[in-house]
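Working notes, beginning with the structure itself.
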Amino acid sequence: MSPVTKRLFVKNYGCQMNVYDGRRMADVLAPLGYTIVPDPEDADLVILNTCHIREKAAEKVYSELGRLAPLKRKRRMLIAVGGCVAQAEGEEVLARAPCVDLVFGPQTYHRLPELIVRAERTRTVDTDFPVEPKFDRLPEQAAPQGIAAYLTAQEGCDRFCAFCVVPYTRGAEYSRPAADVLAEARRLVDAGAREIMLLGQNVNAYHGAGPDGGEWRLDSLIRALGRIDRLERIRYTTSHPADMDDALIAAHGEVEKLMPYLHLPVQSGADRVLARMNRKYRARDYLRIVEKLRAARPDIALASDFIVGHPGETEADFAETLRLVAEVGYASAYSFKYSPRPGTPAADMEDQIPDQVKIERLARLQEAIDRTQTAFNRATVGRIVPVLFDRAGRGALQAAGRSPYLQPVHVDCATPAEALRLHGRIAPVELIVAKQNSLAGRLAYQEAAPA
Ligand code: SAM
Ligand code: SF4
């Protein structure tokens, strides 16, 4: 007998790891009869899968709970808060939001079935860091993710950057055994994935147990993934510069399926600030890694994260960040105003920067990034690149996908059938127009006329 259908709505905040976790929560609940619905109004169970990395991200959750409370007064539903806000605030979430029935951390969602039963009787909090890794308890069967899939290989972090809450909310660094990652990759490919993005808060610190009994670093895992038939593209994110070892850099030159794109956050271009951030590298060390990466893979596109207004950042420090942006020539980058996170060392530093200064620096940094991004996109115009068509375009006559450099590319097709045929395929595209965030292209081959 099939289980009774119940409706589940999951809203993910923050990074790709949360998107992956949100999907895995749905997988854990599927045997109980839960199916995903697109609207919280129709749901029996609403899960907010939260992010605590910046204050704004956390506050969004409370606003959403404010919108959900009246819905819950109209009909019976359970409201659960999971993820990093749940981990950091625990009981506090119940106190601030009376509509919440369940609070669970990122390491306990494999226990959702029992937690839900408990929460139906009494408001429940579970923010343990269980000894037994959750990955061993998650169902093997996962809902198909489509053409470009996420796969978590590593979780947590031991680096303790002064500004960052991750080591406290996600816990100690953990790498999944390579055989488990490879088995999940094969299942994703069997379900239609052509690209896999390996995920981890600090994924290049990966050091999982290898099938041969030794320890595998990320380069070995990538080489093994490269041998999976029908998997065409491999990417990984996010990486810490100090964990970028020579073997991984070499893999960029040797593994054809490893895409020429790397998100390698530098955070700041000033050594003073990097030291206060506890990043364990200087700007010149970072530039040396960039040089080695470009020697291994000359066309590699680089991306980064930046924090402006970290405690103690002077105008001269900030100018060094602007210089580094121009020197590296990023293909894309995210930039954030420093947001003090309770419990982290930087939040207690005395020389906090006024918000007005942060706003002004952020605007200047974003202009500098826009310039390098536009220059990168323009430099690819005229080239023919393989595009993986992994998403619907705007309208029936458009197909959309990604270049090897992760640029969004769209192509106008002659017929809706042609646009449909491209979906899930890799096809050569001549890039013809560059915008700041995307490119327009045309197919660089003639479709055979239907017989
Ligand atoms: N592990 C990656 C690294 O070492 O660069 C970063 C992962 S972190 C989850 C994602 C990004 O959020 C960081 O690169 C940083 O730019 C930003 N971030 C983290 N803490 C922040 C804070 N307190 N304020 C502003 N941005 C922050
Ligand atoms: Fe946070 Fe990344 Fe630093 Fe780890 S390495 S503490 S995830 S910024």
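Structure notes:
- Residue list for the range 252-267, filter: in contact (Cβ under 8 Å) with a residue 40 or more places away in the chain, among the hydrophobic types (A, V, I, L, M, F, W, C) and more than 16 Å from ligand 1 (Cβ to nearest atom): Met259
Yes/no per residue for (1) within 27 Å of Ile234 (Cβ to Cβ); (2) surrounded by fewer than 16 Cβ atoms within 10 Å (Cβ to Cβ); (3) of a type outside the set (A, V, I, L, M):
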position	(1), (2), (3)
Ile369	yes, no, no
Gln373	yes, no, yes
Asn377	yes, no, yes
Ile384	yes, yes, no
Gly401	yes, no, yes
Leu420	yes, yes, no
Leu439	yes, no, no
Leu443	yes, no, no
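- Complete set of residues in the range 191-228 that are part of a loop (DSSP other than H, G, I, E, B), free of Cβ contacts under 8 Å to residues at least 40 places away in the same chain and of a type outside the set (Lys, Arg): Gly210, Pro211, Asp212, Gly213, Gly214, Gly226
- Conditions (1) within 16 Å of ligand 2 (Cβ to nearest atom); (2) at pLDDT 95 or above; number of the one not met by Gly171: (2)
- Taking first residues from the range 270-282 that are closer than 21 Å to Asp158 by Cβ and in contact (Cβ under 8 Å) with a residue 24 or more places away in the chain and partners that are of a type in the set (Val, Ile, Thr) and within 11 Å of ligand 1 (Cβ to nearest atom), the Cβ contacts under 9 Å between residues at least 6 apart in sequence or on separate chains come to Met277/Ile307; Arg279/Val266; Tyr281/Val266.
- Restricting the range 292-321 to residues that are within 16 Å of ligand 1 (Cβ to nearest atom) and more than 25 Å from the chain's Cα centre (by Cα), the residue that is surrounded by the most Cβ atoms within 10 Å (Cβ to Cβ): Glu313
- Candidate set from the range 238-268 (those that are among the acidic types (Asp, Glu) and outside any helix (DSSP H, G or I)); member that is nearest to ligand 2 (Cβ to nearest atom): Asp245
- The range 159-188 residues that are part of a helix (DSSP H, G or I), paired with ones that are within 11 Å of ligand 1 (Cβ to nearest atom) and of a type in the set (A, V, I, L, M, F, W, C) (beta carbon under 7 Å, 6 or more apart): Val166/Cys157; Pro167/Cys157; Pro167/Phe160; Thr169/Cys84
The values are calculated or read from the model by the stated rules, or taken from the named source; none is laboratory data. Everything quoted here is computed from the prediction, not taken from an experiment. Every residue, glycine among them, receives a Cβ derived from its backbone with ideal geometry; neighbour counts consider all protein chains shown.
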